[in-house]
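The values are calculated or read from the model by the stated rules, or taken from the named source; none is laboratory data. Because the structure is a prediction, the values reported are computed rather than measured. Reconstructed Cβ throughout: ideal geometry from the backbone, glycine too, with neighbour counts over all protein chains shown.
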Amino acid sequence: MTWRNWAGTVAVTPAEVVTPRSVEEVAAVVRRAARDGRRVSAVGSGHSFTPVAEARDVQVRLDRLTGIVAVEPGGRVRVRAGTRLRDLSVELAAHGLGLENLGDIDVQTVAGAVSTGTHGTGARFGGLATQVVGLELVRGDGTVVRAGEGAGPPVAGAVVGLGALGVVTEVTLQCVPAFTLHAVEDTEPLAAALASLDERVATHDHYELYWFPYADRCLTKTNTRRTGPPEHPLPRWRRMLEDEVLTNGAYRAVNEAGRLRPGWVPGLNRLAARAVSRREFDDAAPRVFATSRRVRFVESEYAVPRAAVTAVLTQLRAWVDRHPEAAVQFPVEVRFAAADDRWLSTAYGRETAYVAVHQFHRSPAREYFRAFEAIALDHDGRPHWGKLHGLDAPALAARYPRFADVLALRDELDPDRVFANRYRTRVLGR
Ligand SMILES: Cc1cc2nc3c(=O)[nH]c(=O)nc-3n(C[C@H](O)[C@H](O)[C@H](O)COP(=O)(O)OP(=O)(O)OC[C@H]3O[C@@H](n4cnc5c(N)ncnc54)[C@H](O)[C@@H]3O)c2cc1C
């Protein structure tokens, strides 16, 4: 049967689909494929825009390898690799625990999310991969190794593995006590937000902004961590109205209109920017971090040095204004992260700002994404592994100080390239 990713940018019919129930079954699948000269690729929830998870021979789905294995003292939690982040948050809450930070959706699997360096926002916080302290994975010969233990590979090298280093069967996460987020969402002129960006990013736990192309305004989201139960969660009806009916239902109609009449897009964007209303509420952290995204889009995202973000946005805005025919329908999202030590993390070794461009999935995006990529590369950008980009291994090697170490680890864990697919070959080489 044909497998498609969420965005519809990848469609493939694997020769075989397996859904193992244990690490032993995964190991047997890999051993058999290696013997038969076939390739293996694990897939999570298919939320990458790139073909990073594409499997033509054997597709491994970990839908039956889910749930918490053990909660250890100090908040370390061993989780089966196929667990969805959403389910994990529910299970963790029952233990009084939570993930330190999350991206803006939570339907990904744990292994899928960490494998591409999935991140949220917050200048003091790293992406999900920085919360990982141990990994169990099946390597190319079918043997099992535990990263972060004994002679196993370093977690920092193995965790953002793009599926190229093995099939991850278990992830150990350093969790934190469950917390509440106080959320303030508001719109304001982009110039005002940029003028005080440094201060806002430094003083707020989780700050992000969404700029509406062709409008001077942006939506800002400022989330502050609190202990204690939520006091003012959004009423159910309001969440339903704003997050489902307006953000998803009406927004789809607006995007369809813009697709059919590209000339309307600037006006529609200005309307959308004005239609967003101020909200202030609090809730359990996972309910604030993650939203539901039902209007499909395509996306490219680059991590740039924190200090370059205003220049990137200014140049992008100039390009958008010069190219009304690009009819950019979705807001540009700007987020922040701390420097980290994960070898293939987009925030490796530097304080980072993320700039993400999106376009409605049925509208043309190529020229816009290409222009954005050129701007981001000029500022030493590194593309999100799961989002659209055009770089290959030599270009990426120059952007990652530990790239050669990743290749050496790949040679050690999968010398015969059982886990190769066309994307991994493009970005890591043969
Ligand atoms: C609507 C939407 C919102 C998003 N929001 C964010 C965001 O806020 N922040 C962000 O950083 N990204 C975001 N992303 C990107 C997304 O988080 C990543 O692409 C993530 O990798 C998807 O996880 P997945 O479970 O769908 O994995 P897939 O896309 O299915 O796979 C991703 C990679 O993980 C590998 N993999 C999966 N399971 C295993 C395993 N068991 N062992 C080894 N390798 C494995 C796959 O082979 C592949 O290489 C978003 C994507 C969408 C569509």
Taking the options THR314, THR310, name whichever one is farther than 30 Å from GLN131 by Cα, over 15 Å from the mean Cα position of the chain (by Cα) and not in a strand (DSSP E or B). THR314
Could you go through region 9-25 and let me know if any residue there is in a strand (DSSP E or B), within 9 Å of the ligand (Cβ to nearest atom) and touching a strand residue (DSSP E or B) at 6+ places or on another chain (Cβ under 6 Å). no
Any hit, region 352-367, residues being touching a residue at least 12 places away in the same chain (Cβ under 8 Å) and in a helix (DSSP H, G or I): yes
Over region 329-377, the set of residues out of contact with any helix residue (DSSP H, G or I) (no Cβ under 8 Å at 6 or more places or on another chain) and of a type in the set (Asp, Glu) is GLU333, GLU373
Are any residues in region 73-102 free of Cβ contacts under 8 Å to residues at least 24 places away in the same chain and of a type in the set (Asp, Glu), and if so, which ones? ASP87
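Here is a yes/no grid of residues against (1) of a type in the set (Val, Ile, Thr); (2) crowded, with 23+ Cβ neighbours inside 10 Å; (3) modelled with pLDDT of 95 or more:
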{"site": "VAL328", "(1), (2), (3)": "yes, yes, yes"}
{"site": "VAL334", "(1), (2), (3)": "yes, yes, yes"}
{"site": "ALA339", "(1), (2), (3)": "no, no, yes"}
{"site": "TRP343", "(1), (2), (3)": "no, yes, yes"}
{"site": "TYR354", "(1), (2), (3)": "no, yes, yes"}
{"site": "HIS358", "(1), (2), (3)": "no, yes, yes"}
{"site": "PRO383", "(1), (2), (3)": "no, yes, yes"}
{"site": "GLY386", "(1), (2), (3)": "no, yes, yes"}
{"site": "ALA397", "(1), (2), (3)": "no, no, yes"}
Do any helices (runs of 4 or more DSSP H) lying entirely in region 60-164 carry at least 2 residues that are within 13 Å of the ligand (Cβ to nearest atom) and either among the polar types (S, T, N, Q) or crowded, with 20+ Cβ neighbours inside 10 Å (or both), and which ones are they? 85-94, 110-115
Within region 340-351, residues free of Cβ contacts under 8 Å to residues at least 60 places away in the same chain and part of a loop (DSSP other than H, G, I, E, B) come out as GLY349, ARG350
